[in-house]
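Single-structure report; data block below.
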Amino acid sequence: MKPEGVRREALKPPVTNRGVKCPDTDTPAEGLPLESLSVMVDWCQLTVKGLRPEEISEKLLGIPHFLMTNDFRGGIRGYRALMCFDDIRVYEPSGKNKDNGYQVVMAGKGCRNFEKFLVANEETWYDFLERALSYGVNFPRIDLAIDDRKTYFKIAKLARLAREGLIVTRMRVGDSHVGFSIGETGQKRGDTLYIGSRNSEFFMCFYEKGYEQAEKLGIDPDDNWNRYELRFRQERAVNLAKIMVERRDVSRIAMEALNESVRFVKKPESGKDTRVRRYDLWEPWAWFMRDVGKLKLAMKPEEKDYYERLAWLEKSVMPTLKVYLEVDKIMGTCVIQDLIDGTKLDRRHMQILESCVKQLEAEQMQLRQMQDIAQSRIKGFKEGFVDWDGRRTPFDLANLLQ
């Protein structure tokens, strides 16, 4: 049975049984919106030597150093938390690791935070990785995450095929599990399939992202959201960074990583051939791999935290808050104000406060700089010293040379 919305004639499996060949076109498969399948960097970790913290911010990351705040959260093995911009975190070496350089760690949310700066600097991940390599950094880990909002297959089906031996891979097929909440409803928490060893340089995790987000955010689960994570470590991560810079084509990279690592197959109808490597591809896997070849690296920068939180307040909190304020007004009480006055902010809340203030201050500073530049150009334009783009006119240059 083919996935909903995908036309069989557009996604026929290839004739070869050695995997899926990468197509020569970037045109999406017929009937499949490209946004239903996307790939993004979901973890980026760097070891940096020879740069001071402010140089890591300004030169390497492209983040104004004054936007970084002290990071009071816990460290990682052998490293203390030093500074951060939300989940873009920098650790300093400690103890026996004092000569090992700084660690820059961007997990999923950190990558989305970082993409705000990439967009502001008119850069891409490829540009950043190229700059990082020019500084001689090491990459302990890079993850690519493929989001499947169409769901070509169920994770439980992949796990069942693996158990039945209908999988071709040199990697160890790890555990698969179906999680259930402990409550009375026994609500499903999502299926997961691990392929490879967590300690190896390449590891894959396929899971139902919609259920993970439902549990995390307390919302209804999205049945049509799978995530396929490709986790590269150590030498494989360094090679990935170099190849991404060289090719600037993440679709072929993801496709090759999948093709050389795993494929799901189906038994021939005759049942005579017992050599699994000769089996044809399982059709949903063929459809999926066909469209992985059309992917481009996505950037999904999150909304600025201050405005994001403000929107959440407006939508989710303010109606109820206004009701209680009206109750206070009618009854002549001040319960809400007393609650606000009595609320204590912990360290995390203080970090949010500091981050919001710094964000607004940075925006105000940028606005003032833009106003100053505009006023300077208007003045120079009126006096004939510069053209409208701020370049000195021949008349003004002649005066300078006298």
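The values are calculated or read from the model by the stated rules, or taken from the named source; none is laboratory data. Remember, it's a predicted structure, so these values are computed and weren't measured experimentally. No Cβ is skipped: glycine too gets one built from the backbone with ideal geometry, and neighbour counts run over all protein chains shown.
Quick notes on this one:
- Total residues in the stretch 164-187, condition among the charged types (D, E, K, R) and modelled with pLDDT of 90 or more: 1
- Options Leu82, Leu133; residue that is among the aliphatic types (A, V, I, L, M), in a helix (DSSP H, G or I) and at pLDDT 95 or above: Leu133
- Conditions (1) of a type outside the set (Phe, Trp, Tyr); (2) modelled with pLDDT under 85; (3) not in a helix (DSSP H, G or I): number failed by Thr333: (2)
- Some residue of the stretch 226-247 being touching a Phe, Trp or Tyr at 6+ places or on another chain (Cβ under 9 Å) and assigned to a loop (DSSP other than H, G, I, E, B): no
- Selection from the stretch 248-294 of residues that are of a type in the set (A, V, I, L, M, F, W, C), more than 24 Å from the chain's Cα centre (by Cα) and outside any helix (DSSP H, G or I): Phe264, Val265, Leu281, Trp282
Here is a yes/no grid of residues against (1) closer than 30 Å to Met106 by Cβ; (2) surrounded by fewer than 16 Cβ atoms within 10 Å (Cβ to Cβ); (3) at pLDDT 95 or above; (4) polar (S, T, N, Q):
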position: Arg8; (1), (2), (3), (4): no, yes, no, no
position: Val20; (1), (2), (3), (4): no, no, no, no
position: Val48; (1), (2), (3), (4): yes, no, yes, no
position: Pro53; (1), (2), (3), (4): yes, yes, yes, no
position: Ser57; (1), (2), (3), (4): yes, no, yes, yes
position: Arg73; (1), (2), (3), (4): yes, yes, no, no
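- Residue that is surrounded by the most Cβ atoms within 10 Å (Cβ to Cβ) [pool: residues in the stretch 197-224 that are in contact with a Gly (Cβ under 7 Å, 6 or more places away or on another chain) and modelled with pLDDT of 85 or more]: Glu208
- Qualifying residue in the stretch 375-393 (condition: at pLDDT below 70, over 30 Å from Phe72 (Cβ atoms) and hydroxyl-bearing (Ser, Thr, Tyr)): yes
- Test: residue in the stretch 225-239 that is crowded, with 18+ Cβ neighbours inside 10 Å, modelled with pLDDT of 80 or more, hydroxyl-bearing (Ser, Thr, Tyr) and in contact with a Pro (Cβ under 9 Å, 6 or more places away or on another chain): no
- The listed residue being in the same structural domain as Ala81 (by TED's automatic domain parsing) and at pLDDT below 90, out of Gly95, Gly101, Gly110: Gly95
- The stretch 97-124, residues that are more than 19 Å from Asp86 (Cβ to Cβ) and touching a helix residue (DSSP H, G or I) at 6+ places or on another chain (Cβ under 7 Å): Thr124
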